[in-house]
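Visitor: Dropping the structure in here first, questions after.
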Amino acid sequence: MGARERGTPAHRGRATSHHAKLLAVETAIEGNHLYLDCAYATGEAAGQNMVTFATAALCAELIAGAPVLPRSYAVESNASGDKKATAHALTSTRGRRVCAEVTIPAALLEARLRVTPEMLAAYWRLGAVAATMTGTIGMQGMYANALAAFYLATGQDIACVAESAVGITRLDVAPDGALYACVTMPNVVVATVGGGTGLPTQRAAARLLARDGVPPTADALAEIVAAVTLAGEISLTGRCARTSSRPRISASRAATPELRHEPLARVRARALPARTERRADRGVQRLGDRVLRAGARRRPLPAWYLVAAGFASSFLMFALLRIADEFKDAGDDARWRPYRPVPRGLVTLRQLAVAGAICMGCSSRSRWR
């Protein structure tokens, strides 16, 4: 039986949980199999484990009063879409459904990204066709990048990136010539309680997102995720559109007929006779050998003492970073990580300060030499 979470407050019944509220139960029949799709509201929690326990109790209650008993049943039948991209996730909601949109003037795009709204819209249409051809669920460029960074920083379930990175990005030219961009994300699984949200670093990251001193709710986190993802989609599309529309070809390459730039619609493969191809391969190989030999003559290996000095300088800098990190995390280590060397008394902060001063002096002397 699939357990599907929804963050809506309405409910029709209660499961046996203090937080999970049963909203609806939908059925699907396949032969002699019956699938129940149980939808819950889980408040500020992501609720994957919560709804699994609630559904197990619900199944036990149903079987106790069922006139016809099933031969067997499973609480989690892989129908929920948990931690996987599915077409059902695109059309329904698992977690929180959120949209973000923005209108950017053409002058700002040209000044910052060096592209026009028409270039971005054309590149988006090209990507939409490619996504359809390859069977992509949804239409987006890099949701997973923004989601992974945000989930790690705020203590979310990082495995939920698989299902949360399903959605639709749309870029269009507005009537006034500006760029209209939007993202629709139907499955943003975020929470403010449970999981890794209570860890010190993740709590500190959540405090950075507070507004007027009020910590963000799960709905607010979903909105922030959509805004960050939209910014990433615009930046990525701008870079790709600029690179594909304005190729940078050197004068020597532009003069070579085989390497000249052609519009995408007219690019075609060129078949060479086998004899010509072998001759070209030998020519390329001889050219590569000459380049390698010339590079070897012009760029001799550095002396051993220079390599040793560079290694020592890098090592001392990393040691300085580790010592600084001990000072920065001294309070958290004493409270949350008593097994670390400083809380255990194996080394004191004063000793680390002396070691840091020595490392700094040696590193400076090594770079000066």
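The values are calculated or read from the model by the stated rules, or taken from the named source; none is laboratory data. Computed from a predicted model, the values in this text were never measured in an experiment. So basically every Cβ, Gly included, is an ideal-geometry build from the backbone, and we count neighbours across all protein chains shown.
To keep it simple, each residue is scored yes or no on (1) more than 22 Å from G155 (Cβ to Cβ); (2) surrounded by 11 or more Cβ atoms within 10 Å (Cβ to Cβ); (3) in contact (Cβ under 8 Å) with a residue 60 or more places away in the chain.
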| site | (1), (2), (3) |
| --- | --- |
| K21 | yes, yes, no |
| A24 | yes, yes, no |
| A28 | yes, yes, no |
| A41 | no, yes, no |
| A57 | yes, yes, no |
| I63 | yes, yes, no |
| A79 | yes, yes, yes |
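Visitor: With respect to A241, is the statement that it is in a helix (DSSP H, G or I) and in contact with a Phe, Trp or Tyr (Cβ under 6 Å, 6 or more places away or on another chain) true?
Guide: Working: in a helix (DSSP H, G or I): yes; in contact with a Phe, Trp or Tyr (Cβ under 6 Å, 6 or more places away or on another chain): yes.
Considered against the rule, which asks whether it is in a helix (DSSP H, G or I) and in contact with a Phe, Trp or Tyr (Cβ under 6 Å, 6 or more places away or on another chain), A241 comes out as yes.
Visitor: Could I ask something else about it? Testing D176 on (1) surrounded by 15 or more Cβ atoms within 10 Å (Cβ to Cβ); (2) touching a Ser or Thr at 6+ places or on another chain (Cβ under 9 Å), one condition comes back false. Which one is that?
Guide: Going through (1) surrounded by 15 or more Cβ atoms within 10 Å (Cβ to Cβ); (2) touching a Ser or Thr at 6+ places or on another chain (Cβ under 9 Å) one by one, D176 breaks only (1).
Visitor: What number of residues within the stretch 121-168 satisfy the criterion of being over 12 Å from the mean Cα position of the chain (by Cα), under 30 Å from P215 (Cβ atoms), among the small types (G, A, S) and assigned to a helix (DSSP H, G or I)?
Guide: 0
Visitor: Quick one: is D281 of a type in the set (D, E, K, R) and modelled with pLDDT of 70 or more?
Guide: Working: of a type in the set (D, E, K, R): yes; modelled with pLDDT of 70 or more: no.
No; evaluated as a whole, the condition is false for this residue.
Visitor: Related question: Which of the numbered conditions does Q351 fail, given that it passes all the others? Conditions: (1) more than 21 Å from L199 (Cβ to Cβ); (2) in contact (Cβ under 8 Å) with a residue 60 or more places away in the chain.
Guide: For Q351, the failing item is (2).
Visitor: Shifting gears a bit: Looking at F150 and the list (1) surrounded by 20 or more Cβ atoms within 10 Å (Cβ to Cβ); (2) touching a strand residue (DSSP E or B) at 6+ places or on another chain (Cβ under 7 Å), which single condition is not satisfied?
Guide: Against the list (1) surrounded by 20 or more Cβ atoms within 10 Å (Cβ to Cβ); (2) touching a strand residue (DSSP E or B) at 6+ places or on another chain (Cβ under 7 Å), F150 comes up short only on (2).
Visitor: Filtering the stretch 96-148 down to residues that are touching a residue at least 60 places away in the same chain (Cβ under 8 Å) and β-branched (V, I, T), which residue is farthest from D82 (Cα to Cα)?
Guide: V115
Visitor: Please go through the stretch 179-200 and pick out each residue that is surrounded by fewer than 19 Cβ atoms within 10 Å (Cβ to Cβ), more than 30 Å from T136 (Cβ to Cβ) and in contact with an Asp or Glu (Cβ under 8 Å, 6 or more places away or on another chain).
Guide: Listed by number, the residues that qualify are V193, P200.
Visitor: Do the conditions hold for V98, that is, is it closer than 23 Å to A191 by Cβ and assigned to a strand (DSSP E or B)?
Guide: Values: closer than 23 Å to A191 by Cβ: yes; assigned to a strand (DSSP E or B): yes.
Yes.
Visitor: Restricting attention to the stretch 163-173, and to residues there that are touching an Asp or Glu at 6+ places or on another chain (Cβ under 9 Å) and buried (at least 19 other Cβ atoms within 10 Å of the Cβ), which single residue is farthest from V102 (Cα to Cα)?
Guide: Checked the stretch 163-173; the qualifying residue farthest from V102 (Cα to Cα) is E163.
Visitor: Contact list please: Cβ distance under 7 Å, first residue in the stretch 197-208 and farther than 16 Å from A149 by Cβ, second residue surrounded by 12 or more Cβ atoms within 10 Å (Cβ to Cβ) and among the aromatic types (F, W, Y), pairs at least six apart or on different chains.
Guide: Close Cβ pairs (under 7 Å, with a partner that is surrounded by 12 or more Cβ atoms within 10 Å (Cβ to Cβ) and among the aromatic types (F, W, Y)) amount to P200/W336.
Visitor: Counting only residues that are assigned to a helix (DSSP H, G or I) and of a type in the set (S, T, Y), how many does the stretch 82-95 have? Walk me through it before giving the result.
Guide: At the first step, the residues of the stretch 82-95 found to be assigned to a helix (DSSP H, G or I) are 87-91.
Still in the running and of a type in the set (S, T, Y): 91.
Adding up the residues that qualify gives 1.
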